[in-house]
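Below is one structure, written out as structure tokens; comments come after it.
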């Protein structure tokens, strides 16, 4: 007679992922590798090892590394959108909203450098903006705030150019925020966030929107 060994607690715990959440676990594992070891260390095999699954398991959800990175980038855009939404809701004043959006953008990039880089690496060669930047997304939050700030309706091209200018300002400062040359200004102004706020308030690149 064959005896069937009962499934112990240890046996159950050795199977950490049940049907339906492996994709989530793989994205989490990819993010952890990117944050700790950088993009060069990322592979589907490394992600499987980090997630505690077989080397073949990731292929049930992602056909290759590029598709996995797209999933990571998608999460990044969603999280950036959430950060900007929260910052935008802090005030009803359009000018102050623009400053809040800029500060939130740079802080997101500073606090999530690995995923921030993946977001742009996955978008660079595409013909259109990522879905998360379109209607209702992060890019549109900047555009809509600029439209609110204008004293009269803007031509579509002016609004688009102003949005690009604002986005580039945030992106550029995100790239430079760690420069040691800014340390004395941060100290004088009372910290990094105060420094960011002062820079965005002094940009002056949106003067055209305020012109009579």
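The values are calculated or read from the model by the stated rules, or taken from the named source; none is laboratory data. All of these numbers come straight from a predicted model, not from anything done at the bench. Methodologically, a virtual Cβ is constructed for each residue, glycine included, from the backbone with ideal geometry; neighbour enumeration extends over all protein chains shown.
Taking region 184-212 as the search range and keeping residues that are modelled with pLDDT under 90 and not in a helix (DSSP H, G or I), which one is farthest from residue 113 (Cα to Cα)?
Looking at residues that are modelled with pLDDT under 90 and not in a helix (DSSP H, G or I), I get 212.
Check off (1) in a loop (DSSP other than H, G, I, E, B); (2) at pLDDT 90 or above for residue 4 and give me the number that stays unchecked.
(2)
Could you list, in sequence order, all residues of region 153-169 that are under 14 Å from residue 142 (Cβ atoms) and outside any helix (DSSP H, G or I)?
If the condition is that a residue be under 14 Å from residue 142 (Cβ atoms) and outside any helix (DSSP H, G or I), then 154 is the only one that fits.
Is it the case that region 170-183 has a residue that's assigned to a loop (DSSP other than H, G, I, E, B), under 16 Å from residue 102 (Cβ atoms) and in the same structural domain as residue 115 (by TED's automatic domain parsing)?
Residues of region 170-183 assigned to a loop (DSSP other than H, G, I, E, B): 177-179.
Filter once more, so that each one left must be under 16 Å from residue 102 (Cβ atoms): 177.
Okay, now just the ones that are also in the same structural domain as residue 115 (by TED's automatic domain parsing), so 177.
Looking through region 170-183, at least one residue is assigned to a loop (DSSP other than H, G, I, E, B), under 16 Å from residue 102 (Cβ atoms) and in the same structural domain as residue 115 (by TED's automatic domain parsing).
Among (1) under 18 Å from the mean Cα position of the chain (by Cα); (2) at pLDDT below 90, there is one condition residue 85 misses while meeting the rest; what is its number?
(2) is the only condition that residue 85 fails.
Determine whether residue 56 is under 30 Å from residue 163 (Cβ atoms), more than 22 Å from the chain's Cα centre (by Cα) and surrounded by fewer than 16 Cβ atoms within 10 Å (Cβ to Cβ).
Taking the combined requirement at face value, the residue does not satisfy it.
Looking at region 162-177, can you tell me whether even one residue there is surrounded by fewer than 14 Cβ atoms within 10 Å (Cβ to Cβ) and over 28 Å from residue 77 (Cβ atoms)?
For region 162-177, residues surrounded by fewer than 14 Cβ atoms within 10 Å (Cβ to Cβ) and over 28 Å from residue 77 (Cβ atoms): absent.
Based on this model, can you work out whether residue 35 counts as modelled with pLDDT under 95, within 15 Å of the chain's Cα centre (by Cα) and not assigned by TED's automatic domain parsing to the domain that holds residue 98?
For residue 35, the condition - modelled with pLDDT under 95, within 15 Å of the chain's Cα centre (by Cα) and not assigned by TED's automatic domain parsing to the domain that holds residue 98 - is met.
Quick one: is residue 114 in contact with a helix residue (DSSP H, G or I) (Cβ under 7 Å, 6 or more places away or on another chain), farther than 26 Å from residue 162 by Cα and assigned by TED's automatic domain parsing to the domain that holds residue 139?
yes
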